[in-house]
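Chemist: Starting off with a structure, shown below.
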Amino acid sequence: MIDVRGLTFQYPSGPGFTFPDIACAPGEHLLVLGQSGKGKTTLLHLLAGMIRPTAGSIRIQNTDITQLDNRALDKFRGQHIGIIFQTAHFVDSISVIDNLMLSPFLSGKKTPQSEALQVLDRLNVAHKAGQKPASLSVGEQQRCAIARAVFHKPTVILADEPTSALDDKNAEQVIDMLEEQARQTGAALIIVTHDKRLKDRFQKQITL
Amino acid sequence: MNLLKISWSNIKHKPLNTLLSIVLLSFGIGIISMMLLLKTQISEKFDRNIKDIDFVLAAKGSPLQSMLANIYHVDVPTGNIKVSEARRIIKNPMVAEAIPLAYGDNYEKFRIVGTNEKYPNHYGCTLADGKLFSAPFEVTIGADVARETGLKLGGTFTSVHGYDNAAEDADAHHHQVFTVVGIFARSNSVIDNLILTPVETTWMVHEHPEEPIADSLSSDTTHAEPEREMTAYLIKKRNKGAFGMLSKQTEDTTMQLANVAVENSRLMNNFGLGLSTITAIAVVIMVISFISIFISLFNSMRERRYELALMRTMGGTRATLFTLIIQEGLLLVALGYVIGLLLSRAGLLVLSHFMKESFHYGLDNLAVSAQELALLGLTLLVGLLASAIPAWQALKIDISKTLTNA
């Protein structure tokens, strides 16, 4: 459950943004649409606690993350938020499965390796678990990135332009996967995008 | 999954990035540790061989050479001295003990030294087998001699003229046959590499009655007994100030008294200077390796900014990233340290092999010394310093910006 109120953000020497209030219950899916420069990525980074807002509150499961200190925020992010970036990135020197297991290790939220393998299997990339990320195709990398964001059952899944680089068929598949995984784990899913193709897929939308 | 595994994977992932650092560091450490080993072992070995010998009485010449030849047996002696002359000195009440040495032959490059039981007793030698020589041409051999030549109790051999050469012409060979009557247990002293026999043996080998020396002497001199000669006496003093007094007595003779403490410290100073120079070079190499480690860690941190930011989004704290980078630095230097220590051992073994060939002097203690543990501390400090700035930079990574611009 995520609840955002009165959120504003001012870049030190740049644009300022005022965001609409957002509420997204467990299992609910929210699409945030907006053109470039409307602050989509800024919003996503605010929700993830990667930057701190100028004003406003962000409550995730009754914790206002704007009130947490640095260390607590890092841990909270690792335990409660799963993030999927526009392009998938990994720690190159370790295998796919180790990349996934990095998440519970760093956040301290114990999650067995079997669950990571299960999710990789659901996304049809279990056979790549032992390989280095660089040896995977872009599509496989994206699936692994989704698996990494969801397998530890976060409260909120945030996705930044997950489809903008993909063709129609692949875009649909990725959204299917995201929705399916969010449903499986009972998480709130928030997708920010300028991709109009997703407009008809989601009932709940806001536009910046 | 643990942080050490990630650090190690990062080092392994791009080995070329860190190869230069490790090579430089391990060479620096290898050289320093080898110098430490050399210095301790050689001075230990020297001390063991000096063992309470205060002076060397030998023919005039370089006192340093006199010490090297007669105590360590690594140089040729300065000449011979007459027993009748030497007696004046060694009978002096200031002399507590005088060990006679008369030599000039070798067997398979091991010196055959004419002496008496005082010599092995001085080094606390015990017999592993057989007995101590008592009659001429009986020999008791050192442990290394027995091992290298394969001589056994009751074995016989003939000697070759010279100190450590294998004579090529047949003339240099003597015909008298030596018999092994005893083998010393290892004493880690110079005795291990010597063949001991009564002084009379050396005299008898070198008496050539048919040679014109005797004839040339004027007929009125009584030389029913030929003038006996000795190579040197190793002297232990009875009281302080003996050197000046005894030395004065040698002034008008062909003899000279070498002060072992003085000569040895001169030798160690020269030797130490050589070691210090090499050590200084090694320190420079270590400084370069420090810079190299710093650069490679710094570059690797910049290349991996995205990875580090990513780890923050997965719950890693700033402290986690700091630890990760520091740990990589420490892992690198620890690797360099281990390789360096192995290198120094390998170097020492090679050096020891050559020293054994030319001097019968081996260096065989390969254990890690306390000084090397101190070197480990220094090495870890280098790693810590080299990784501090990159780790500090990792602390300050702006994850939002880094991930947006990736």
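Chemist: Looking at the range A:57-70, is at least one residue more than 11 Å from every other protein chain (Cβ to nearest Cβ), among the acidic types (Asp, Glu) and without any contact (Cβ under 8 Å) to a residue 12 or more places away in the chain?
Modeler: Within the range A:57-70, one or more residues are more than 11 Å from every other protein chain (Cβ to nearest Cβ), among the acidic types (Asp, Glu) and without any contact (Cβ under 8 Å) to a residue 12 or more places away in the chain.
Chemist: For the range A:149-181, give me each residue that is closer than 18 Å to A:Arg77 by Cβ and touching a residue at least 60 places away in the same chain (Cβ under 8 Å).
Modeler: A:Ala149, A:Val150, A:His152, A:Pro154, A:Thr155, A:Val156, A:Ile157, A:Leu158, A:Ala159, A:Asp160
Chemist: For the range A:198-208, give me the residue count where each residue is over 26 Å from A:Phe151 (Cα atoms) and surrounded by fewer than 15 Cβ atoms within 10 Å (Cβ to Cβ).
Modeler: 3
Chemist: For A:Ser13, all conditions in the list (1) touching a Pro at 6+ places or on another chain (Cβ under 7 Å); (2) assigned to a loop (DSSP other than H, G, I, E, B) hold save one; what is the number of the exception?
Modeler: Answer for A:Ser13: the failing condition is (1).
Chemist: Among all residue pairs at least 6 apart or on different chains, which show Cβ distances below 7 Å where the first residue, located in the range A:90-118, is within 11 Å of A:Phe151 (Cα to Cα) and the second is among the polar types (S, T, N, Q) and open to solvent by 50 Å² or more (accessible area, probe 1.4 Å)?
Modeler: A:Met101/A:Gln113
Chemist: Scan the helices (runs of 4 or more DSSP H) fully inside the range A:104-202 and keep the ones with 2 or more residues being in contact with a strand residue (DSSP E or B) (Cβ under 8 Å, 6 or more places away or on another chain).
Modeler: In the range A:104-202, the matching helices (runs of 4 or more DSSP H) lie at A:138-150, A:168-185.
Chemist: So for the range B:241-248 (the condition being modelled with pLDDT under 90 and open to solvent by less than 10 Å² (accessible area, probe 1.4 Å)), does at least one residue qualify?
Modeler: Yes, because at least one residue in the range B:241-248 is modelled with pLDDT under 90 and open to solvent by less than 10 Å² (accessible area, probe 1.4 Å).
Chemist: Hey, could you check the range B:311-327 for residues that are under 19 Å from B:Thr379 (Cα atoms), open to solvent by 10 Å² or more (accessible area, probe 1.4 Å) and not hydroxyl-bearing (Ser, Thr, Tyr) and say which is farthest from the other protein chains (Cβ to nearest Cβ)?
Modeler: Ranking the qualifying residues of the range B:311-327, first place goes to B:Ile326.
Chemist: Sticking with this one: Picking from A:Leu73, A:Leu31, which residue would you name as being within 13 Å of chain B (Cβ to nearest Cβ) and either assigned to a helix (DSSP H, G or I) or open to solvent by less than 20 Å² (accessible area, probe 1.4 Å) (or both)?
Modeler: A:Leu73
Chemist: Within the set of pairs 6+ apart or on separate chains, which have a first residue in the range B:121-143 that is of a type outside the set (S, T, N, Q), a second that is open to solvent by 50 Å² or more (accessible area, probe 1.4 Å) and assigned to a loop (DSSP other than H, G, I, E, B), and C-beta atoms under 6 Å apart?
Modeler: B:Asp129/B:Leu153; B:Gly130/B:Leu153; B:Leu132/B:Glu117; B:Ala143/B:Arg186
Chemist: Any chance the range B:306-314 includes a residue that's of a type in the set (D, E, K, R), at pLDDT 85 or above and under 30 Å from A:Arg52 (Cα atoms)?
Modeler: yes
Chemist: So in the range A:150-165, with the set limited to residues that are more than 14 Å from chain B (Cβ to nearest Cβ) and among the hydroxyl-bearing types (Ser, Thr, Tyr), which one is least open to solvent (accessible area, probe 1.4 Å)?
Modeler: A:Thr163
Chemist: What number goes with the only condition from (1) out of contact with any strand residue (DSSP E or B) (no Cβ under 9 Å at 6 or more places or on another chain); (2) surrounded by fewer than 17 Cβ atoms within 10 Å (Cβ to Cβ) that B:Ala128 does not pass?
Modeler: For B:Ala128, the failing item is (1).
Chemist: Tally the residues that are at negative phi and open to solvent by 40 Å² or more (accessible area, probe 1.4 Å), restricting the search to the range A:34-55.
Modeler: Of the residues in the range A:34-55, 7 are at negative phi and open to solvent by 40 Å² or more (accessible area, probe 1.4 Å).
Chemist: Sort through B:Leu363, B:Leu308, B:Leu341 and tell me the only one that's open to solvent by less than 50 Å² (accessible area, probe 1.4 Å) and closer than 30 Å to B:Leu194 by Cβ.
Modeler: Unique residue meeting the criteria: B:Leu363.
Chemist: While we're here: Just to check your reading of the model, which residue among B:Phe55, B:Phe46, B:Phe27 is open to solvent by 60 Å² or more (accessible area, probe 1.4 Å), in contact with a helix residue (DSSP H, G or I) (Cβ under 7 Å, 6 or more places away or on another chain), of a type outside the set (Ser, Thr, Tyr) and more than 14 Å from chain A (Cβ to nearest Cβ)?
Modeler: B:Phe27
Chemist: Would you point out the residue of the range B:9-24, among those that are within 14 Å of another protein chain (Cβ to nearest Cβ) and open to solvent by less than 40 Å² (accessible area, probe 1.4 Å), that is nearest to B:Ile281 (Cα to Cα)?
Modeler: Filtering first and then ranking leaves B:Thr18.
Chemist: To continue, here is another question. List pairs: first in the range B:389-406 and assigned to a helix (DSSP H, G or I), second among the β-branched types (Val, Ile, Thr), Cβ under 7 Å, 6+ apart or cross-chain?
Modeler: Within 7 Å, the pairs are B:Pro390/B:Ile325; B:Ala391/B:Ile325; B:Ala391/B:Ile326; B:Ala394/B:Ile325; B:Ile399/B:Thr313; B:Ser400/A:Ile51; B:Thr404/A:Thr41.
Chemist: Here is a follow-up. What single numbered condition from (1) more than 25 Å from A:Val138 (Cβ to Cβ); (2) out of contact with any Pro (no Cβ under 8 Å at 6 or more places or on another chain) fails to hold for A:Ala182?
Modeler: Evaluating A:Ala182 over (1) more than 25 Å from A:Val138 (Cβ to Cβ); (2) out of contact with any Pro (no Cβ under 8 Å at 6 or more places or on another chain) leaves (1) as the failure.
Chemist: Let me ask something else. For the range B:69-81, which residues satisfy the criterion of being open to solvent by less than 30 Å² (accessible area, probe 1.4 Å) and within 22 Å of B:Ser43 (Cα to Cα)?
Modeler: B:Ala69, B:Asn70, B:Ile71, B:Tyr72, B:His73, B:Pro77
Chemist: May I ask you to list pairs of residues, at least six apart or on different chains, whose Cβ atoms are under 6 Å apart, with the first in the range B:298-324 being over 17 Å from A:Thr87 (Cβ atoms) and the second being of a type outside the set (A, V, I, L, M, F, W, C) and not in a helix (DSSP H, G or I)?
Modeler: Listed pairs, sorted by first residue: none to list.
Chemist: Out of curiosity, is B:Ser84 within 28 Å of the chain's Cα centre (by Cα), surrounded by fewer than 17 Cβ atoms within 10 Å (Cβ to Cβ) and polar (S, T, N, Q)?
Modeler: no
Residue-by-condition table, conditions (1) surrounded by 15 or more Cβ atoms within 10 Å (Cβ to Cβ); (2) more than 27 Å from B:Leu4 (Cα to Cα); (3) of a type outside the set (A, V, I, L, M, F, W, C):
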position	(1), (2), (3)
A:Asn99	yes, no, yes
A:Ala129	yes, no, no
A:Arg143	yes, yes, yes
A:Arg148	yes, no, yes
A:Asp167	no, yes, yes
A:Met177	yes, yes, no
A:Gln181	yes, yes, yes
A:Ala188	yes, yes, no
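Chemist: Right, next: Of all residues being out of contact with any helix residue (DSSP H, G or I) (no Cβ under 8 Å at 6 or more places or on another chain) and in a loop (DSSP other than H, G, I, E, B) in the range A:76-94, which is farthest from the other protein chains (Cβ to nearest Cβ)? Just the residue, please.
Modeler: Selected residue: A:Gln86.
The values are calculated or read from the model by the stated rules, or taken from the named source; none is laboratory data. Nothing here was measured: the structure is a model prediction, and the numbers come from that model. A quick note on method: Cβ atoms are made from the backbone with ideal geometry, for glycine too, and the neighbour counts reach across all protein chains shown. To get the accessible areas, we keep the full protein, side chains included, count just its heavy atoms, and leave off ligands, DNA and RNA. Shrake-Rupley method; radii C 1.70, N 1.55, O 1.52, S 1.80 Å.
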